[in-house]
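Engineer: Okay, here's the structure, questions in a sec.
We did not get these values from a lab; they are worked out from the coordinates using the rules stated. This is a predicted model, so every value here is computed, not measured. Because the Cβ atoms are built from the backbone with ideal geometry, glycine has one as well, and the counts that use them run over all protein chains shown.
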Amino acid sequence: MFRRILIANRGEIAQRIIRACKELEIETVAVYSAADADALYLSQADETICIGPGPSAQSYLNIPAIISAGEVADVEAIHPGYGFLAENAHFAEVCRECKIHFIGPDPETISALGQKDNAKKMAREADVPVVPGSEGSVDDEAQALTIAGEFGYPVIVKAAAGGGGRGMRVARNEASLINGFHAARAEAQNAFGDSTVYIEKFVENPRHVEVQILGDMHGNAVHLGERDCSIQRRHQKLIEESPSPSISEETRIAMGEAAVRLVKHSGYHNAGTVEFLMDKDDSFYFIEVNARIQVEHTVTELVTGIDLIQEQIRLASGEELGYSQEDIKFQGHAIECRINAEDPSRDFQPSPGLVEAFVPPGGPGVRVDSHCYSGYRIPPTYDSMIGKLLVHRSSREQAIRTMNRALGEFVIVGPKTTIPIHRAVLDHSDFQSGGHDTGFMERYFGSVSALAGLR
Ligand code: ADP
């Protein structure tokens, strides 16, 4: 097992990794940018190193600065968290060259699965159903029109290097496809430095259901059940839960098995997520693999009792999984609400600045993962997520009630937050019945007037 780990991230996930390390009695080295100098979690790390100024290109994405910090601090491994360098195959490669363990899959696997069109190819090979679409990249307008003609509209143009919902455009006819093709390419180039796009059939109002997997370096892999992430705004997740409220036992088993097949086929090790879209007939289609820990891993931790960050560290050190699929037991129902410093009544504009008061909820079944505190100043430089509120209860109905209670208790004075929108979603009969899909937010909260009155 490792003696000392560097955490190449910030915010709640850096804090989450420090917590896991402390319980494993592993020393932590936290790196930070000048914009994060007053982050409280830094005081929980054994050592802290400033890696550059605020802009992430010069700090959290600055590979030489992070590797030098790791060498100076004499760490054996680096945990990348999510975002930033977490799915950067080049970074994983540099770690390997510098003889520092990267806590995640091999660079070869990251790069093979990171190109989403290639990941779909691997899924097909592993007999995992995929959304119908182009077999690889689509390079010009004419090709885009031919493929869309073949599969029929609507289609979605997606960035091969995509993430965070960027570089995606839905097209319902030829004119919007031509526009969408160029817009998606430009956005992809801007966001990922790679303009490659591919096309797939747009599944109308699907559910987003994903499977958490764990694999070791010895060929063993299991899944830890599914998470339903259908409450999304502009393809970004807002609420996640496990188990999915609308999946049959048969589909659940088939989806878990499909995820494990893909993991084994791709030689994947460490923690990862296999994402699927599910249509109204319960058919599911692979969309992508997230070769890292995800924000919503916490939901799975609650229903399985498995500490996923500790498992990541253990598996990266070469240990065997040590349990099989039958050993994994699922208990109760977990829901997570992402608390973002955003103003729902102003089109979810970021709302950074001073947090005058921060009083998180507590009581039975409540977990809060947040790096925020009273007096903290949210920097405008990074993403707006300031915490995750989770509940774990014996049933979904009970979990919704506890979540409502906890959201009501949560005091955040200063920035505007997504708490009012969560309360409104939880109150909605479509969410309560579990019959909702990814179109939910647009349908009920897509207009300015629907958001204006939220408190
Ligand atoms: P990213 O990597 O940017 O998160 P994903 O491929 O995971 O992109 O897709 C994010 C979301 O976009 C999905 O959860 C779903 O809501 C929507 N989406 C993606 N592909 C399709 C599709 N073919 N049909 C319908 N919706 C889609």
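Engineer: When the Karplus curve 6.51 cos²θ - 1.76 cosθ + 1.60 is applied with θ = phi - 60°, which whole-Hz ³J(HN,Hα) does each residue of the stretch 80-96 get, with x for Gly and Pro?
Structural biologist: Karplus-based 3J(HN,Hα) across the stretch 80-96 equals x, x, 10, x, 6, 9, 4, 10, 9, 4, 4, 4, 4, 5, 4, 4, 4 Hz.
Engineer: I would also like to ask the following. Placing +1 at every Lys and Arg Cβ and -1 at every Asp and Glu Cβ, with all other atoms neutral, what dipole size does the chain have around its Cα centre, in debye to the nearest 20? Could you put the intermediate results ahead of the total?
Structural biologist: Details: 43 positive and 64 negative charges, 235 e Å.
That gives a dipole near 1120 debye.
Engineer: With charges only on Cβ, +1 for K and R and -1 for D and E, what is the dipole size of the stretch 358-455 about its Cα centre, in debye, rounded to 20? Walk me through the numbers on the way to the answer.
Structural biologist: Working: 11 positive and 8 negative charges, 56 e Å.
Its charge dipole is roughly 260 debye.
Engineer: Rounded to the nearest 20 Debye, what is the dipole magnitude of the stretch 4-103 about its Cα centre when Lys and Arg each give +1 and Asp and Glu each give -1 at the C-beta?
Structural biologist: On the way: 7 positive and 14 negative charges, 34 e Å.
With Lys and Arg at +1 and Asp and Glu at -1, about 160 debye.
Engineer: I want to check a number: in the stretch 207-452, how many lysine pairs have alpha carbons closer than 22 Å, given a sequence separation of 8 or more or different chains?
Structural biologist: On the way: 237/280; 237/388; 237/416; 264/329; 388/416.
Summing the qualifying lysine pairs gives 5.
Engineer: Taking amide hydrogens as modeled 1.01 Å from N in the peptide plane, which residues meet the under 5 Å criterion relative to residue 387, leaving out close sequence neighbours?
Structural biologist: Hits under the 5 Å cutoff: 339.
Engineer: Could you tell me which residue out of 163, 153, 193 lies farthest along the dipole of the stretch 132-201 toward its positive end? Charges go on the beta carbon: Lys and Arg +1, Asp and Glu -1, centred on the Cα centre.
Structural biologist: 163
Engineer: Below 10 angstrom from the Cβ of residue 367, what's the summed charge of the other residues (Lys, Arg +1; Asp, Glu -1)? If you can, show how the numbers build up before the last one.
Structural biologist: Values: positive: 388; negative: 301, 336, 369.
Charge balance in the 10 Å sphere: -2.
Engineer: Let me ask something else. Work out the charge dipole of the stretch 207-452 with +1 on the Cβ of Lys and Arg and -1 on the Cβ of Asp and Glu about the Cα centre, then indicate which of 353, 265, 330 is farthest towards its positive end.
Structural biologist: Going by the charge dipole, the pick is 353.
Engineer: Helix-only mean residue ellipticity at 222 nm, the chain, DSSP H runs n ≥ 4 weighted -39,500 (n - 2.57), per residue, nearest 500. What is it?
Structural biologist: Numbers: 15 runs with 153 residues, N = 455.
Taken over the chain, the calculation gives -10000 deg cm²/dmol.
Engineer: Label the stretch 207-452 by shape, choosing from rounded, prolate and oblate, from the square roots a ≥ b ≥ c of the eigenvalues of the Cα gyration tensor; if a/c is under 1.5 it is rounded, and otherwise prolate applies when a/b is larger than b/c, oblate when it is not. Intermediate values should be presented prior to the final figure.
Structural biologist: On the way: a/c = 1.84, a/b = 1.45, b/c = 1.27.
It is prolate, given that a/c is not under 1.5 and a/b is the larger ratio.
Engineer: Here's something else I'd like to know. If I take R0 = 25 Å and measure r between the Cβ atoms of residue 74 and residue 191 in this structure, what FRET efficiency does the formula 1/(1 + (r/R0)^6) give, to the nearest 0.05?
Structural biologist: On the way: r = 35 Å, r/R0 = 1.40.
The calculated FRET efficiency here is 0.10.
Engineer: Of the listed peptides 368-381, 439-452, 203-216, what is their order by residue-averaged count of other C-beta atoms within 10 Å, with the highest listed first?
Structural biologist: Per-residue mean Cβ counts within 10 Å order the peptides as 203-216, 368-381, 439-452.
Engineer: For the charge dipole of the stretch 141-297, defined by +1 on Lys and Arg C-beta atoms and -1 on Asp and Glu C-beta atoms about the Cα centroid, which residue among 256, 219, 144 has the Cα displaced farthest towards the positive pole?
Structural biologist: Checked the options; the winner is 144.
Engineer: Cβ neighbours within 10 Å, averaged per peptide: list 349-361, 85-97, 330-342, 419-431 in order, most packed at the top. Could you put the intermediate results ahead of the total?
Structural biologist: Working: 349-361: 15.8, 85-97: 19.8, 330-342: 22.5, 419-431: 17.8.
So the order, starting with the most tightly packed, is 330-342, 85-97, 419-431, 349-361.
Engineer: Viscosity 0.890 mPa s, temperature 25 °C: what is the translational diffusion coefficient of the chain from Stokes-Einstein with a Kirkwood Rh over Cα pairs, rounded to a whole number of µm²/s? Let's see the in-between values first.
Structural biologist: Working: Rh = 22.5 Å.
So the translational diffusion coefficient is about 109 µm²/s.
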